[in-house]
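Enquirer: Shown below is the structure under consideration.
The values are calculated or read from the model by the stated rules, or taken from the named source; none is laboratory data. The shown structure was predicted, so the numbers you read here are calculated from the model rather than taken from an experiment. So basically every Cβ, Gly included, is an ideal-geometry build from the backbone, and we count neighbours across all protein chains shown. The accessibility values were calculated without ligands, DNA or RNA, using every heavy atom of the protein model including side chains. Shrake-Rupley method; radii C 1.70, N 1.55, O 1.52, S 1.80 Å.
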Amino acid sequence: MNRTTIQKQLEALIKKVNHDKDGKAISENLILFGEQGVLDSVATIKLIMSVEEAFDITVEEREISPKNFQTIAALTRFVESKLMVGLIATLALILRLADLGFC
Amino acid sequence: MKISPVRLCYTASWLKPLVRPLPATALYRLCRMAAMLSLRLNAHTKRFLCPLRTILARHVSPDRLTEICREYLIQRKYLNYMETTWRHLAPGQRPAAFFDGAEHLHHALSRGSGAVLISGHNYGFSRMVGPILAENGYQVCRAGSLSKEIVQRRWGAEPPWEYVYLPKERWERVRALRQLIGALKQNRVVHLMIFNRPKGEPLLEVEFYGHNFFLDPGSFELIGGLGAPALPCFALCDEHGAFRIKIHPPLGNSSEELARGFVQLFSQYLKESPEYVRFWKPLLNRKAFW
């Protein structure tokens, strides 16, 4: 899954949790949550839960921070890194199973 | 530094074995006695009751006003005693608790997505709802604005119910909300209290003897966003010190419906039982919130 696909999916999720309020055009630097954010705390939680479901990842509590959720660009990078970590973990498991003779 | 004799009795290692077996009804009788003496003899108590008298004097008869003053002092003292002694009271000595409307809570929990109980802040024995429910076998998560240190000082290092601190800082608040949603997914009961404010929208206006106030809008948005059934809950007590927990049917789904329903109920309780109010002074002085 490339970065553009991830970003498009995230934009769709953001529109869904925000019920298309404000009518602001979604750009990768749009502030999602914070001083001038388009989402309130409840909508942010819903976004986090939607992201977890859509990408089959788990967001740890310490990962809920401006670094990962302030803008769409930051969120895209975060999801990409989580997917990469997941892929590496899966490959590592397959190699281990191969070593043990299971596949 | 003010030292409470009751706190001293229940925390001093050499006094505790003597007082622990005392039933909660004895504490309640102590409250009644202390309140009646205080009302008659203590000049400070008379000054303390000025805000209450100022608000109610024009609306109730003198006899009723005296009754409300007395009951207010009793309930206030009893709540303080209960917060101090609850975890120290011997098993079987805690006050009885009767539930009115528990079937609404059971029905909400039967769906498997938890339930949210909402109470008025600084009204009645709302602070005791968490401990009482936990005592009666419910899995409770209480959300509020007290720091961990204050909660531990009041309820001990490991209270039998979870406390989620809702901070003002945005990102910490999001993490806290996630904990609440997690608690609801585990089919637990989340208990929230609604703050009061001097100004607000007409939808959130609560009638109160000519000193109307408003409820915090953010709380209803939060409750609406949690997605679980929201049931109003009010904790009062009877003339023997037993708690009466009244749980009402769930309110609507949207934050407007929640607000409308809760305002109506809360106004009714305030009108019928003003002695349970503990925000006379901040209300009169129109503080930022209470």
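Enquirer: Can you name every residue in the range A:56-94 that is of a type in the set (S, T, N, Q) and over 21 Å from A:LEU39 (Cβ atoms)?
Expert: Residues satisfying the conditions are A:SER81, A:THR90.
Enquirer: Now for a different question. Which residues, counting only those in the range B:15-37, are of a type in the set (Lys, Arg) and touching a helix residue (DSSP H, G or I) at 6+ places or on another chain (Cβ under 9 Å)?
Expert: Of everything in the range B:15-37, those that are of a type in the set (Lys, Arg) and touching a helix residue (DSSP H, G or I) at 6+ places or on another chain (Cβ under 9 Å) turn out to be B:LYS16, B:ARG20, B:ARG32.
Enquirer: Looking at this structure, is A:ALA12 open to solvent by 30 Å² or more (accessible area, probe 1.4 Å), closer than 26 Å to B:LEU226 by Cβ, away from chain B (no Cβ under 13 Å) and touching a residue at least 40 places away in the same chain (Cβ under 8 Å)?
Expert: Spelling it out, it is not the case that A:ALA12 is open to solvent by 30 Å² or more (accessible area, probe 1.4 Å), closer than 26 Å to B:LEU226 by Cβ, away from chain B (no Cβ under 13 Å) and touching a residue at least 40 places away in the same chain (Cβ under 8 Å).
Enquirer: Continuing with the same structure: Of the residues A:GLU35, A:GLU52, which single one is within 11 Å of the chain's Cα centre (by Cα) and within 14 Å of chain B (Cβ to nearest Cβ)?
Expert: That would be A:GLU52, the only listed residue that is within 11 Å of the chain's Cα centre (by Cα) and within 14 Å of chain B (Cβ to nearest Cβ).
Enquirer: Can you pull out every residue in the range B:109-153 that is open to solvent by 10 Å² or more (accessible area, probe 1.4 Å), in contact with a strand residue (DSSP E or B) (Cβ under 9 Å, 6 or more places away or on another chain) and part of a loop (DSSP other than H, G, I, E, B)?
Expert: Hits for the range B:109-153 are B:HIS121, B:ASN122, B:ASN136, B:TYR138, B:GLN139, B:SER145, B:LEU146, B:SER147.
Enquirer: What number of residues within the range B:239-250 satisfy the criterion of being touching a residue at least 40 places away in the same chain (Cβ under 8 Å) and open to solvent by 20 Å² or more (accessible area, probe 1.4 Å)?
Expert: 6
Enquirer: Residues in the range B:188-213 that are open to solvent by less than 40 Å² (accessible area, probe 1.4 Å) and touching a Pro at 6+ places or on another chain (Cβ under 7 Å): how many?
Expert: 2
Enquirer: Select, from A:LEU47, A:LEU95, the only residue that is farther than 24 Å from B:ARG175 by Cβ, of a type outside the set (Lys, Arg) and either open to solvent by 70 Å² or more (accessible area, probe 1.4 Å) or within 13 Å of the chain's Cα centre (by Cα) (or both).
Expert: Answer to the check: A:LEU95.
Enquirer: Sticking with this structure for a sec: Filter the range A:58-74 down to the residues that are buried (at least 16 other Cβ atoms within 10 Å of the Cβ), hydrophobic (A, V, I, L, M, F, W, C) and more than 16 Å from A:LYS16 (Cα to Cα) and list them by number.
Expert: Selection gives A:VAL59, A:ILE64, A:PHE69, A:ALA74.
Enquirer: On to the next question. In the range B:171-183, is there at least one residue being more than 14 Å from chain A (Cβ to nearest Cβ) and modelled with pLDDT of 90 or more?
Expert: So far as the range B:171-183 goes, no, none of its residues is more than 14 Å from chain A (Cβ to nearest Cβ) and modelled with pLDDT of 90 or more.
Enquirer: Considering (1) within 14 Å of chain A (Cβ to nearest Cβ); (2) open to solvent by 10 Å² or more (accessible area, probe 1.4 Å); (3) more than 19 Å from B:GLY130 (Cα to Cα); (4) not charged (D, E, K, R), say which one B:PHE220 fails and leave the rest.
Expert: So B:PHE220 meets the others, but not (2).
Enquirer: If I filter the range A:76-88 for residues that are more than 10 Å from chain B (Cβ to nearest Cβ), surrounded by 15 or more Cβ atoms within 10 Å (Cβ to Cβ) and closer than 26 Å to B:GLY227 by Cα, do I get at least one hit?
Expert: Yes, the range A:76-88 contains a residue that is more than 10 Å from chain B (Cβ to nearest Cβ), surrounded by 15 or more Cβ atoms within 10 Å (Cβ to Cβ) and closer than 26 Å to B:GLY227 by Cα.
Enquirer: Being in a loop (DSSP other than H, G, I, E, B) and open to solvent by 30 Å² or more (accessible area, probe 1.4 Å) is the filter here; which residues of the range B:253-283 pass it?
Expert: B:ASN253, B:SER254, B:ARG278
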